[in-house]
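Working notes for the structure below.
The values are calculated or read from the model by the stated rules, or taken from the named source; none is laboratory data. Being a predicted model, the structure only gives us computed values, none of them experimental. All Cβ positions, even for glycine, are placed from backbone atoms using ideal geometry, and neighbour counts span all protein chains on display.
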Amino acid sequence: MVICEYILILLKQSMTYSIKFLIFLFLLNASLACGKGINLIRDAEIENFLSEIAAPIIKEANLKNNKITFYLDKQNYINALVTKGPTIFITSELLIKTKTIDEIAGVIGHEIGHITGGHLSKRMNAGKDSLATSIISSILAAGAFISGAPEAGSAILLGGQQIGTQQMLQFSRNQESFADQAAIKFLKPTGYSIKGIYDLFRLLEQKERLAKFNPYSLTHPLSSERKKIILYHLENNKEINNEKKKGLRELEKKFSLVQAKLIGFISTSETSQSYYPVEKNTVESWYANSIQFFKAGKINMALKFISKCIEYDRLNPYFHELKAQIYYENGKSEMSIKSIERALSINKNEKHFFLALAKALYLSNKKENYYKSIALLKKFIKLEDFPVEAYHFLGLSYGKLEEYSLSSIALAEKFLLLNDIKNAKLQLKKAKRFNKNDKIISSKINDLKFILEQKEKK
């Protein structure tokens, strides 16, 4: 699991300068108030789990490209939103607080409802950038949390809503109702129960009651209203009970491990122990406690518990991935390589494993492994939308091989992704200085210069 401070991933070029400035000012204040920015959690197990849940829903929705990217946002409130891509952001709290995969499926179905309803483009046509409105809704909610009104923050969210004029509010509320109806339609044939949506709205309703706000100031109907619609469908429609439900049992097992992993990584020791006491003899408890001991620097205990997980299920690649990470973080490169190679032997196409192995190979300080690391990093970069860390290690690896032009080019790519124009420009100057009349390298430098110049104009 990698937790990154990637605020700039959200600041796409399609957003206006005024919107960017608004977001910058808020995030600056939020960072000062909270000591941190937006936290995106990148984890193969969680992202793949969400994709698996979404797969039958996407099929029912007849989405053309059949591809949705999932990101997990480390936040202590329940929220989900959809942006262009399409990309769905889900908060860690949502995964922790939900009790069934049906609830998660309901959230994903709702967001897919926004996609099929064309709401992103409609919002753009209404004069609001779809990504910007989603971010602004998050900003407003985050502001509520910072100011000490977390319940209000929860009420503002769920669905990437936008705040504006009463006309726009009505527009957004209609979209939310449409997305709810779409979710019901998509879920029924998949084996997921729409009761999951009902249970989630019941949870949010409790928060709304505490908040005591004007429902007409919201961008979506109250959860109590939305719950009634779901209840009508539950009472008047028989849910499909077929073989598809049996296929969801494996997802339920994966969900229990995802929750254990999240709680282990982002919770305090006391909180984690309340969920997973160290003496509890379950794979979920071993998983969470391995992570907790790892965080506490108790490596032998961490290895003991993750080894228990592996004994329980040797074909779970994420157990081997965690073991590799424990070794890597403690400078044991050879053991890390062995563990992540085992993970890759189980899942040969997992891009996050490419990155993990590349880092372990780099750590070994062996010349032949630098070449292997570079090959893996290039493979990862082709598959990843925001490969900042990969470009960083690519630059380091080329540097170890004294390929200084290529090293600077890789680092320039990294800084361009981060919109760090100053350092990108510096690295391109270095790349030009180190280049020994290599036409391919010169061409690459010129390409990056052009991209840099375009960024400077915006």
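Given 414, 439, 379, which one is of a type outside the set (A, V, I, L, M) and more than 26 Å from the chain's Cα centre (by Cα)? Working first, answer last.
On the way: 414 fails: more than 26 Å from the chain's Cα centre (by Cα); 379 fails: more than 26 Å from the chain's Cα centre (by Cα).
After ruling out the rest, the residue left standing is 439.
What is the residue count in the range 275-334 for residues that are within 18 Å of residue 259 (Cβ to Cβ) and not in a helix (DSSP H, G or I)?
8
Could you grab me the full set of residues in the range 232-252 that are surrounded by 15 or more Cβ atoms within 10 Å (Cβ to Cβ), modelled with pLDDT of 65 or more and assigned to a helix (DSSP H, G or I)?
234, 251, listed by residue number.
Given the condition modelled with pLDDT of 90 or more and outside any strand (DSSP E or B), answer yes or no: does some residue in the range 77-90 qualify?
No, every residue in the range 77-90 fails to be modelled with pLDDT of 90 or more and outside any strand (DSSP E or B).
Of the numbered conditions (1) farther than 24 Å from residue 336 by Cα; (2) at pLDDT below 95, residue 384 satisfies every one except a single condition; which is it?
(1)
Out of 358, 375, report the one residue that is in a helix (DSSP H, G or I) and either over 18 Å from residue 325 (Cβ atoms) or touching a strand residue (DSSP E or B) at 6+ places or on another chain (Cβ under 8 Å) (or both). Please lay out each step first, then the result.
Values: 358 fails: either over 18 Å from residue 325 (Cβ atoms) or touching a strand residue (DSSP E or B) at 6+ places or on another chain (Cβ under 8 Å) (or both).
Sole residue among the options that is in a helix (DSSP H, G or I) and either over 18 Å from residue 325 (Cβ atoms) or touching a strand residue (DSSP E or B) at 6+ places or on another chain (Cβ under 8 Å) (or both): 375.
Restrict the check to the range 297-315 and report whether at least one residue is buried (at least 21 other Cβ atoms within 10 Å of the Cβ), without any contact (Cβ under 8 Å) to a residue 24 or more places away in the chain, touching a Gly at 6+ places or on another chain (Cβ under 8 Å) and over 14 Å from residue 44 (Cβ atoms).
no
For the range 390-448, give me each residue that is closer than 26 Å to residue 366 by Cβ, aliphatic (A, V, I, L, M) and touching a Leu at 6+ places or on another chain (Cβ under 9 Å).
390, 394, 396, 406, 409, 410, 411, 431, 441
Take the conditions surrounded by fewer than 22 Cβ atoms within 10 Å (Cβ to Cβ) and in contact (Cβ under 8 Å) with a residue 24 or more places away in the chain and apply them to residue 291. Does it pass?
Working: surrounded by fewer than 22 Cβ atoms within 10 Å (Cβ to Cβ): no; in contact (Cβ under 8 Å) with a residue 24 or more places away in the chain: yes.
No: the conditions fail for residue 291.
In the range 343-385, what count of residues is obtained for those that are closer than 19 Å to residue 403 by Cα and in contact with a Leu (Cβ under 6 Å, 6 or more places away or on another chain)?
7
Could you list, ordered by first residue, the pairs with Cβ atoms under 8 Å in which the first is in the range 276-288 and free of Cβ contacts under 8 Å to residues at least 60 places away in the same chain and the second is assigned to a helix (DSSP H, G or I) and among the basic types (Lys, Arg), at least 6 apart or interchain?
283/308; 286/308; 287/261; 288/261
Run down 410, 431, 424 and say which single residue is under 30 Å from residue 45 (Cβ atoms) and surrounded by 19 or more Cβ atoms within 10 Å (Cβ to Cβ).
Working: 431 fails: under 30 Å from residue 45 (Cβ atoms); 424 fails: under 30 Å from residue 45 (Cβ atoms).
Unique residue meeting the criteria: 410.
Within the bounds of the range 71-87, is there any residue that is more than 14 Å from the chain's Cα centre (by Cα), under 16 Å from residue 258 (Cα atoms) and of a type in the set (Ser, Thr, Tyr)?
No, every residue in the range 71-87 fails to be more than 14 Å from the chain's Cα centre (by Cα), under 16 Å from residue 258 (Cα atoms) and of a type in the set (Ser, Thr, Tyr).
For a quick check of your reading of the model, give me the residue pairs whose first member lies in the range 374-393 and is closer than 21 Å to residue 420 by Cα, whose second is of a type in the set (Asp, Glu), with beta-carbon atoms closer than 6 Å and at least 6 apart or on different chains.
These pairs meet every condition: 391/413.
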